[in-house]
Every structure is written in structure tokens, then in C-alpha cells.
Amino acid sequence: MAEQQITNEDPRAAEQAAHFKEVFQNIRTEVTKMMVGQPEVVDGVLTALIAGGHVLLEGVPGLGKTMLVRCLSDAVSVQFSRIQFTPDMMPADIQGTMILTETASGAHELSFQEGPLIANLILADEINRATPKTQSALLEAMQERQVTVGNRTIQLEEPYCVMATQNPVEQEGTYPLPEAQLDRFLFKLLVDYPEENEYYEIIDRTTGTTEVEINHITDGAEIVKLREIARAVAVPTAAKTYAIRLVMATQPNSAYSTDKSNAYVSLGSSPRGVQGLMLAAKVHAILNDRFSISTDDIKAVAYPVLRHRVILNFQAQASNVTPDSIIDDILEQVKLPRSVD
Amino acid sequence: MANTDSLRKHLDGLARRGARYLRRYALKEAVEWSMRHVHLVALVVPAVFVVCVAIERFAGNDLWVLSPIVTVLVALVAPVAYVLIAGALGFALRPVNRTYSLALFDRELGYKDRLQTADEFLRSSDLTPFELASVEDAIPYAEKATNSRLQDIRIATPTLYTGKWGHGVAAVLLLGAGMFISFFVFNPQVEASSDPDELIALATPEVLPPVDEVFEAPQDSRDEVTPPTHVPSQTPKESVVVESTPAESTDSPLGRANPSDSNPKQSVQMGLSAGMSQDNKTGSAASNLSGQANPDKKKKETKSEPPKEQESKESKSAIDKEQPKDESATGIAGGKGTSAGRQASSTDVTESLNKTDQDDLDTDVDLESDDEEDEEQEAANAARPMINQRKAAVDRRLSPSGMMGQEENEQNNGRGGASGRKKTRGVAAMLLGVPQPDQLRSQINPGRVKIQRERAVPHPSEADTVASESRGEIDESIGKVARHELKPWMRNVVSNYFLAMREPPTEEEGE
């Protein structure tokens with residue numbers, strides 16, 4: 001083998017990684033001024049924002065899902081809009097519509113009134129209360145980063161991130177998200193009740209006289225740069241192989257499917273799952289002081305990336321089998337590439 | 001700028017060390033795996049030895065060709081050979097390469113794939129800044145791995161299953177049992193005869209008798225080729241009795257001098273089979289003759305046209321006048337070949353002819369009575385059970401349903417006509433002759449009862465008036481409304497019910 005010199009004349013990799021980590025930590029610090037506890041949820045939201053994905057937050061009311069997104073929008077100085085989904089909401093209500101306006105000369109003309117979907121950070125509160133027709137209006141915006149109304153197509157500005165919330169308990173009058181919609185979310189984060197010691201902090205921060213101010217740490221352009229840095233993280237073959245095996249293991253009757261996935265999964269992850277695993281693992285690798293992702297990074301992000309892409313069958317629902325238990329089994333069964341086990 | 005030489009050297013050294021570990025691990029793993037089953041392998045040779053010796057003693061076949069000493073040696077060598085072969089196979093089949101070796105260090109030392117990633121990136125020529133940074137990042141980890149102690153790497157050591165040594169004792173006992181059976185059990189000739197020549201003669205393989213003795217009585221083969229009309233002079237029962245005597249069994253073609261031989265049984269079986277074959281031949285001969293003698297009668301049986309039936313009745317009445325009626329004849333049954341053991345002769349043939357005619361005449365009365373039902377069935381074109389005859393429904397080929405009725409219409413050219421068997425619609429009460437239980441007075445039949453009219457007379461009921469009052473305010477909060485969790489068995493009941501509801505229909509149900 002010919003001798004090779006490491007001629008890293010572009011030392012920006014280490015600097016970029018350090019800058020990335022610094023900005024990430026600053027945003028997290030600002031968000032946690034208001035948000036008590038839930039470190040995994042906060043990191044997941046930030047990771048999805050930087051990786052260029054969308055987040056579905058699931059939890060019972062009162063756990064701070066909406067507040068988390070609001071704090072994030074304050075920390076990241078981007079255009080923020082909130083949509084409270086209701087059953088009577090129509091696509092035009094979120095995309096925008098043509099309205100009759102009066103010009104300065106007194107004439108009337110149709111002009112396009114942009115809806116709340118046209119922003120940088122969208123909080124889609126209680127998204128499962130909207131009808132599938134309205135939910136589907138989000139599909140184009142989330143995937144193609146554009147909104148088409150009539151013959152008008154509007155390109156959405158980067159960064160564009162939809163953070164949706166839904167309540168898993170109160171299911172009456174709701175419309176479960178279709179699989180195509182679920183697949184477009186990079187993460188599905190489960191917001192759980194806080195710990196006992198966190199309640200003291202919640203009381204002190206929210207019921208006192210002092211108000212917490214969220215400082216603007218960065219802006220949309222900075223987020224786009226961070227996204228480019230994250231995409232530049234190196235990917236070895238072993239990590240690719242492992243991510244592919246994990247995704248294939250969620251698909252019933254595939255080459256790597258486990259007994260549990262064969263029995264309880266009706267629909268496995270799509271190739272978007274591999275993309276999500278790679279992007280999220282890259283962010284995770286930088287945050288852990290590495291320049292290339294490892295199989296441990298993929299394991300760390302497997303749950304939020306895959307849990308909403310594993311569609312269970314009726315037998316699983318009847319047996320109280322959850323997607324996380326399926327992923328547990330997959331992580332245990334799927335062998336690491338080049339493993340001696 | 002950093003030189004990759006040091007990193008390469010470290011990675012090369014780690015790869016070599018990792019390969020050694022992996023080979024050692026593979027060998028240990030294979031040995032461990034084989035040790036799990038070696039106790040069973042140790043039992044194989046003694047068990048086979050015992051079985052073969054037992055079969056040899058009781059059945060007289062030579063199955064075990066090894067001498068006792070060789071048998072013991074084989075029983076001792078087989079487990080060792082099994083462990084060695086399994087270890088060699090495991091060692092050879094375990095993939096050991098550079099990447100695997102570095103991955104071993106990454107995993108055991110918690111380096112997050114840094115070493116194998118750096119090694120992969122070093123092999124490529126065009127590196128991105130992050131790949132170069134990844135290689136640089138791996139240098140201190142490679143040095144640390146080089147200086148790491150070998151004991152740090154965790155490799156499972158094979159476990160010897162000492163609790164399975166009882167199988168070795170069992171193997172020894174089996175060997176002893178085999179030896180005991182081979183030498184002492186069920187060998188009366190060895191015990192009775194003290195002459196060494198007799199012992200040698202007993203030990204030598206059995207010799208077949210001379211050729212002229214073998215071909216003395218091959219009667220069976222000749223009986224097999226006798227024509228059906230040939231009546232053997234010896235009845236089957238006589239042949240069984242004669243050939244089953246032990247004296248004649250020694251004269252059989254495969255006769256042996258050994259009294260424990262099974263040739264007498266063979267001769268008995270051969271005699272029985274010969275007699276049975278003769279019976280079958282005679283029965284078939286009788287059927288052929290009776291069938292050839294009255295072909296017109298058979299046609300009349302199958303045809304149902306009225307003019308031909310009248311003609312057949314006339315001819316039958318003429319035959320009836322000429323020949324007296326014989327109540328003991330069974331010509332039809334014999335003609336169908338079901339009466340085995342009857343010898344066909346000319347008198348029997350004529351008897352069968354007479355019986356056939358007589359039965360045809362008897363059945364004509366029934367045919368007349370069944371005409372109405374046949375017409376009904378033909379009109380309905382449906383398969384209905386012949387209740388008065390206690391038979392299953394017939395299809396359009398006049399064969400019992402279930403045998404021929406399930407076949408598809410061969411001439412299904414879409415031109416109509418009689419199709420396959422149709423399903424009978426209705427209930428048993430619609431068929432004539434099916435008894436229905438009378439309805440007892442003041443008792444209803446079991447099952448659902450449709451109430452046509454209900455005599456319910458409204459009666460006024462007296463009750464206290466309820467004074468309306470406001471609901472009032474809730475004094476305290478309701479609290480947390482918990483979801484009612486079903487008990488496991490209740491959940492299983494609900495789960496099984498809905499799973500059964502959602503099961504796809506089977507092919508029979510789908511049809």
C-alpha cells in the first residue's frame with residue numbers, strides 16, 4: 001500500500017464540529033430555562049431541527065409540548081406560527097387562500113393571503129384533531145418544502161420545521177395520522193410526566209414573580225449552516241450496513257426481520273427510516289465529539305426515528321405490544337456488522 | 001499534517017493481535033459447542049453396538065462386523081474425533097480478517113468504531129475533511145489500544161459440562177451389555193455342544209441346500225399362471241394344512257437347516273396366498289362367465305326407457321315359465337365377483353343365469369314403484385337422497401353421490417343440458433316420508449319461537465311522585481379518572497374474540 005499522508009489542509013472540520021456543538025449547547029441552555037426536565041425531548045427537538053426533519057410530540061396535556069416549541073422559536077430567531085388544529089379546519093385555513101382585496105385605485109383584485117403554514121417553525125398543535133383532508137395539506141410542505149394553492153406554488157424558506165403535537169389518550173373526535181403523514185416526521189418523541197424533583201423547579205419557575213426571558217441565540221441562516229455541517233459527517237460502511245439492517249428488520253418477512261416483527265408488525269419502515277437514522281446519527285456523533293458516525297449513534301436514535309414507522313397489527317394492539325418493544329427486540333436481535341458474536 | 005505511518009503500524013499490530021484472539025476464540029467456541037454434544041456422541045457407538053448385537057441374536061442377521069476390542073476402541077475414539085473435527089471446522093469456518101479484528105478492539109475497549117472507521121478511510125484515496133478528522137481522531141485511540149493489556153479483552157471460555165459424565169458411564173454399561181448379549185445370551189448351541197468342530201460349524205455362515213432340492217416343489221409358481229377355468233385338485237384349506245407342516249417346510253425352495261429359521265412361516269404364507277389367489281381367480285372366472293352369459297339383462301337393468309322395459313318383462317316371463325324358480329341361487333352376487341371361494345362350473349353358470357333372470361323379475365316390481373320418484377328427481381334435476389332405499393343421492397351418472405357426483409361436467413361446452421349435482425334447497429320436512437315429530441299440546445318445540453301475538457294488557461302501577469330538584473354543585477374534584485384495566489384473562493378473552501373475528505375466511509368458507 002502506498003504511503004499516505006494525512007493532509008488535512010482544511011482544518012475547518014474540527015472547528016465546524018466545535019462550533020456546531022457550541023451552538024447546540026447554547027440553544028439547549030436557553031430552552032431549558034423554561035423547560036424543566038425532559039432532556040431527551042429537548043435534544044430530540046434540537047436534533048430534528050438541525051437535521052432538517054420534523055417532529056411529532058406525543059404526550060398528555062400539560063407536559064409542556066407547546067411551551068417547548070415556543071421556547072425553541074424564541075431561541076432560534078425564525079418566523080414562528082402556531083396552528084391549533086380543529087375538526088372544522090380546512091386546507092385553505094393553513095395553506096392560504098385567494099381573497100378579494102381593494103387596491104389603492106379602488107379596484108378589486110384577487111390576492112393570495114398566506115396561511116400559517118408559510119413560516120420557518122410551525123407548531124401544529126393537536127394535529128390529530130384535524131381531518132385527513134387538512135392533515136394531507138401538510139404533506140407537500142413537509143416533504144417538498146413548498147405549498148401549492150391553485151396554480152400558485154410557494155417555495156418555503158429554510159429552515160422549515162413542523163413540530164406537531166398530539167394527545168395519545170383522548171382519542172374521541174380525532175383522526176389518526178395516516179402512514180404517509182407519519183413517515184414524514186423524522187422523530188416521534190414521547191413526552192412523559194416529569195420526575196418528582198422536577199416539580200419543585202416547575203413551581204418555582206412558573207408561579208413566581210420572575211419571568212424567564214429566552215434570548216435569541218442564533219437565526220435561521222445559522223441553523224442552515226449547522227445542517228450542512230451535520231451532513232458532512234463521515235459515514236463508514238459498518239454504520240450504513242447496520243442502519244439498513246435495522247430498517248429491514250422492521251419490515252415483516254424481510255431478510256433481517258425478527259420473530260416479533262413478523263408476528264406483530266403490519267407495515268415496517270420505509271427508506272425514509274434509513275435517511276432519518278443517518279441524519280440523526282450524524283448530529284449525535286458531532287455532539288459526542290466524533291467526526292464519523294458509529295453503530296452506537298444509530299442505536300441511540302433508533303427509537304425516535306423508527307417508533308412511528310412501525311405500524312402494528314391488531315394482534316399487537318390486543319397483546320399490548322408497543323413499537324418500542326419491537327425496536328427493543330430488533331436492536332437485540334440484529335447483529336452488528338463485523339461482529340464476533 | 002500528520003503521518004499515517006504510525007497509525008498504520010498501530011492498526012496492523014492491532015489487526016494481528018485481533019486475528020489471534022479471534023482464532024483462539026473460534027477454536028474455543030467450536031470446542032465448547034462440540035463439548036455440549038460429546039456425551040451424546042459417546043453414547044452412539046455403544047448404543048448402536050447393543051442394538052446390532054441384539055438384532056443379531058434374536059433375528060439371526062449379521063449386522064455388527066467389528067470385533068469387541070475394535071468396538072471398544074471405536075467407542076473411545078469417536079467422542080475425541082468428534083471434538084477435534086468440530087473444533088477444526090469451527091476454526092476454519094470463522095471469518096477472520098482485518099476489519100473483524102479491529103472491530104473486536106472497538107467493541108471491547110469502547111472506542112465507538114473509531115479504529116475500523118479509520119482503517120476504512122485510510123484505504124480510500126479521496127477523503128473529505130470529516131473523514132480526515134476521523135482518521136486523526138483515531139490515532140490516540142490506536143496507541144491506547146496497542147498498549148492495552150490482553151486480558152482486557154473478554155472472551156468467553158469454554159465450559160466443560162461435567163454434569164454429563166453420567167453418559168460416559170452409560171456408554172460403558174452399554175458396551176458391557178453388548179458384550180454380554182453377544183457372548184452369553186440366547187446361544188444354546190454354544191452352550192450345548194462342547195465339540196470344537198460343531199462350534200466352528202455353528203459359527204460359520206449358513207449354507208444353502210443343493211440346487212436339486214431347491215427346485216423340487218415350485219407348485220406355487222405354476223398355480224399362479226393357471227387359467228381361470230382351471231379347477232385345482234387341491235382346495236386352499238388343504239394346501240394351507242399340508243404346506244404348514246414343519247416336515248415339508250424343510251423342502252421349501254428357501255429351506256434352511258436352522259430350526260429358528262422363518263421358512264415354515266413363509267411356506268404357510270405362500271400356501272395361503274396361493275389358495276387365496278385361486279379363490280380370486282375362480283371368483284373372477286365366475287363373474288366373467290355370468291357377465292358374458294346375460295349381456296342383454298344388464299343392458300335392461302341400466303336402461304330406463306318404458307318400451308324396452310316392457311319387452312324385457314315379456315322375455316323374462318317367458319324364461320320364468322320355462323325354468324323353475326330357485327330360491328337358493330345367488331347369481332347376481334356371483335356375477336359381480338363378490339362371492340370369493342366359489343368354484344365356477346357349468347352348473348353354476350346356468351344357475352347364475354337363472355338367478356339373474358329371477359332377480360330381474362323381482363326388481364321389476366320395485367322399478368315400477370320407483371318410477372314416480374325417478375320422474376320427480378329428473379324433473380327437479382336435483383340430487384335427493386333415496387330415503388325409502390336408504391341410499392345416498394345419485395347424480396346424473398346414476399352413481400352414488402360422493403363417488404362420481406363431485407366430478408365436473410366433462411362436456412361443459414356451455415350448451416346447457418344437465419349440469420352437475422345441484423344442492424338441495426329446503427328442509428327434510430319437504431320430502432315425503434320423512435317423519436316429523438308431532439307437536440305436543442302445551443309444549444313448544446325446542447329452538448327459537450317467533451311470538452306472533454303477545455297478549456299484554458297494560459296495568460296501571462302506583463308509585464310515589466318524584467320531586468324534581470337541582471343537581472347541585474360538585475363539592476370536590478372527581479380526581480383522576482383511571483382507565484379500567486382488564487385482568488389478563490379478560491384481556492385474553494377480548495383479544496381472542498377479536499382475533500377470531502378478524503381471521504381470514506378459510507377456503508371452505510370462502511367457497
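Of the trypsin sites (Lys or Arg not before Pro) found in segment A:121-164, those in coil by DSSP whose Cβ has at most 15 other Cβ atoms within 10 Å are A:ARG145.
For B:LYS112, the amide hydrogen comes within under 5 Å of no other amide hydrogen, counting only partners 5 or more places away or on other chains and with H modelled in the peptide plane.
For A:GLU22, B:GLU476, A:GLU58, what's the fewest-to-most ordering of other Cβ within 10 Å of each Cβ? Spell out each step's value before the answer.
Values: A:GLU22 10, B:GLU476 5, A:GLU58 19.
Lowest to highest Cβ neighbour count: B:GLU476, A:GLU22, A:GLU58.
Counting only other residues whose beta carbon sits under 14 Å from that of A:SER81, what net charge do I get with K and R as +1, D and E as -1? Please report the intermediate quantities before stating the final value.
On the way: positive: A:ARG70, A:ARG82; negative: A:ASP74, A:ASP93, A:GLU114, A:ASP125, A:GLU157.
Combined, the nearby Lys, Arg, Asp and Glu give -3.
Residues whose amide H lies under 5 Å from that of A:ARG82, counting only those 5 or more places away or on a different chain, are A:LEU123; hydrogens are built 1.01 Å from N in the peptide plane. One way to sum up the overall shape of chain A is the equivalent ellipsoid from its Cα gyration tensor, whose semi-axes run 34, 27, 23 Å, largest first. The order of A:LEU121, B:LEU66, going from fewest to most other C-beta atoms within 10 Å of their C-beta, is B:LEU66, A:LEU121. Between A:GLY268, A:GLY52, A:GLY96, the residue with the greatest mean-square fluctuation in the GNM of chain A (Cα pairs under 10 Å linked by springs) is A:GLY96. Under a 5 Å amide H cut-off, with hydrogens placed 1.01 Å from N, A:SER266 pairs with A:ILE311, A:LEU312, A:ASN313 among residues at least 5 apart or on other chains.
Taken one residue at a time, the phi angles of segment A:193-208 give Karplus couplings (6.51, -1.76, 1.60, θ = phi - 60°) of 5, x, 6, 5, 5, 6, 4, 4, 5, 5, 5, 5, 7, 9, 10, x Hz. Gly and Pro are set to x.
Can you give the percent of C-alpha pairs in segment B:5-179 whose distance is more than 19 Å?
Working: 10213 of 15225 pairs.
That tail contains 67 percent of the Cα-Cα pairs.
Can you work out D for segment A:256-323 in µm² s⁻¹ from Stokes-Einstein, where Rh is the Kirkwood radius over C-alpha pairs, the temperature is 10 °C and the viscosity is 1.306 mPa s? Could the numbers behind the result be given before it?
Working: Rh = 13.0 Å.
After rounding, the answer is 122 µm²/s.
Derived scalar couplings between HN and Hα for segment B:62-76 equal 8, 10, 9, 9, 7, 6, x, 5, 5, 4, 4, 5, 5, 5, 7 Hz in order, rounded to whole Hz, by the Karplus curve 6.51 cos²θ - 1.76 cosθ + 1.60 (θ = phi - 60°), x for Gly and Pro.
For segment A:171-218, the square roots of the Cα gyration tensor eigenvalues, ordered a ≥ b ≥ c, give a/c of at least 1.5 with a/b greater than b/c, which places it in the prolate category.
Test of understanding: ordering B:TRP489, B:TRP64 by Cβ neighbours within 10 Å, fewest first, what list do you get? Each step should come with its number before you reach the end.
Values: B:TRP489 8, B:TRP64 19.
Fewest-to-most ranking of B:TRP489, B:TRP64: B:TRP489, B:TRP64.
Charge dipole (Cα centre; +1 on Lys/Arg Cβ, -1 on Asp/Glu Cβ; no other charges) of chain A amounts to roughly 1020 debye.
Here the Karplus relation 6.51 cos²θ - 1.76 cosθ + 1.60, evaluated at θ = phi - 60°, turns the backbone of segment A:169-178 into coupling constants of 8, 7, 9, 6, x, 10, 10, x, 5, x Hz, with x for every Gly and Pro. Between A:THR250, A:THR103, A:THR210, the residue with the greatest mean-square fluctuation in the GNM of chain A (Cα pairs under 10 Å linked by springs) is A:THR103.
Each value in this text was obtained by applying a stated rule to the coordinates, not by laboratory testing. This is a predicted model, so every value here is computed, not measured. When we count neighbours, we look across all protein chains shown, and the Cβ atoms used for this are built from the backbone with ideal geometry, even at glycine.
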